[in-house]
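One structure is given below, encoded as structure tokens.
Derivation of every value follows stated rules applied to the coordinates shown; laboratory data play no part. On a predicted model such as this, the values are computed, not experimentally measured, just so you know. Ideal geometry is used to build each Cβ from the backbone, glycine not excepted, and the neighbour counts take in all protein chains shown.
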Amino acid sequence: MSSIESIIAGVGSFLPANVVTNHDLAKRVDTNDEWIRSRSGIAQRHIAGDDEATSDMATAAAWNALDQAGLKPRDIGLIIVATVTPDKTFPSTAVYVQQKLGVPPGIAFDVSAACAGFLYAMNVADTFVSSGQVKHALIIGAEKLSCFLDWNDRATCVLFGDGAGAVVLSGEEAQTAAPPRGVLATYLSADGRLAKHLYADGGPATTKTVGLVRMNGKDVFRNAVQEISNAVFEVTERAKVSRHEIDWFVPHQANIRIIESCARKLELDMDKVVVTIDQHANTSSASIPLALDAGVRDGRIKHGELLVFAALGGGLAWGSALVRY
Ligand code: UT7
């Protein structure tokens, strides 16, 4: 019996031109470059302008992914945007991306799972593609977190940045003689009992405001190391591969110390980990596709290699995906 594999056919990203360094931030809040670098690994972040909406960044990233895939907007049957900073409360940012790209009527919606959002989107898109419902899907992580930060709270405002990353998932017939390609396994979870550790203190149905990011850093940190490592174990078990076969670990970029702790637990050398936290800071749902694009475009990540993605964030929600690129 033939089966369809969800292949990564193209990857793209977009970062706003405005770069804000730790030194720039030290002029606004009581912080310093040394603290930010040593506690988080961040050196700088990109901050979107007033005229750059989440859908603009998402669209720019999507064009780059379509280009790499050799596809046109008319080929896309599904758009999922993972974001916690939508252009509007409704409709979805995905429909604005659809409009801006010129994608014909088809399925388009957002997922809200904070930093794990891109992996939630990948899981859903994989279901559509591998079941043959759509041939080509665009999954995008895009965030304008700068509009959502308390610029007087040094414990959070120094940690985040803006940007977008996109992946085209395409359905291809599995080759019986070749090892499986594309999305091999995914794993998702969330625990609302931990929502109090990372959230926005507003919303349309409560304060009628957007709210600002609030975080208990230490609690999130502890959960991140535990659940991101577990999530990698889960997908390798589900796909029946040894974690020693992993070529590249592309984790959510929230803190270099979280990434290093996970790599240690997974017995993965840091040479096999894609790190962009220093350049991008934490871009929530955009961070994994941004890191993937960085690794693909500088030639480190090659076709045929085994990639594992994993993330944890607000929810708390977490997940992972194992992909043969
Ligand atoms: O993407 C979603 C997931 N998010 C995460 O995974 C983030 C997880 N958490 C973290 O990355 C870390 O907990 C932080 C980077 C947020 C904080 O690191 P920490 O080692 O847990 O520091 P802390 O919060 O315990 O703060 C230590 C000290 C405090 O001072 P006292 O109370 O020891 O005097 C803070 O007030 O550092 C102080 N501090 C700062 N100092 C200079 C907090 N923020 C700053 C700052 N600059 N920006």
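Filter segment 24-64 for residues that are of a type in the set (Val, Ile, Thr) and closer than 25 Å to residue 259 by Cα and give the result.
Selection gives 31, 36, 42, 47.
Against the condition among the aromatic types (Phe, Trp, Tyr) and away from the ligand (no atom under 16 Å from the Cβ), how does residue 221 come out, does it pass?
Criteria not met by residue 221.
Please determine, by comparing only the residues of segment 270-296 that are free of Cβ contacts under 8 Å to residues at least 24 places away in the same chain and not in a loop (DSSP other than H, G, I, E, B), which one is surrounded by the most Cβ atoms within 10 Å (Cβ to Cβ).
In this case the residue turns out to be 270.
Could you figure out which of (1) surrounded by 15 or more Cβ atoms within 10 Å (Cβ to Cβ); (2) more than 28 Å from residue 69 (Cα to Cα); (3) away from the ligand (no atom under 15 Å from the Cβ); (4) of a type in the set (S, T, N, Q) isn't true of residue 229?
Looking at each condition in turn, residue 229 falls short on (3).
Residue under question is residue 12, and the condition is that it be out of contact with any Leu (no Cβ under 7 Å at 6 or more places or on another chain), closer than 17 Å to residue 280 by Cα and within 16 Å of the ligand (Cβ to nearest atom); does it hold?
no
Among the candidates 6, 38, 13, 55, which residue alone is hydroxyl-bearing (Ser, Thr, Tyr) and over 24 Å from residue 141 (Cβ atoms)?
38
Given the options 267, 237, name the one that is away from the ligand (no atom under 15 Å from the Cβ) and assigned to a loop (DSSP other than H, G, I, E, B).
267
Mind checking whether some residue in segment 283-290 is within 12 Å of the ligand (Cβ to nearest atom) and in contact with a Lys or Arg (Cβ under 7 Å, 6 or more places away or on another chain)?
Among the residues of segment 283-290, not one is within 12 Å of the ligand (Cβ to nearest atom) and in contact with a Lys or Arg (Cβ under 7 Å, 6 or more places away or on another chain), which makes the answer no.
Restricting to segment 297-325, give me the number of residues that are away from the ligand (no atom under 16 Å from the Cβ) and part of a strand (DSSP E or B).
7
Among the residues of segment 131-143 satisfying the criterion of being crowded, with 19+ Cβ neighbours inside 10 Å and of a type in the set (Gly, Ala, Ser), which is nearest to the chain's Cα centre (by Cα)?
141
Within segment 240-249, can one find any residue that is under 20 Å from the mean Cα position of the chain (by Cα) and assigned to a helix (DSSP H, G or I)?
Among the residues of segment 240-249, not one is under 20 Å from the mean Cα position of the chain (by Cα) and assigned to a helix (DSSP H, G or I), which makes the answer no.
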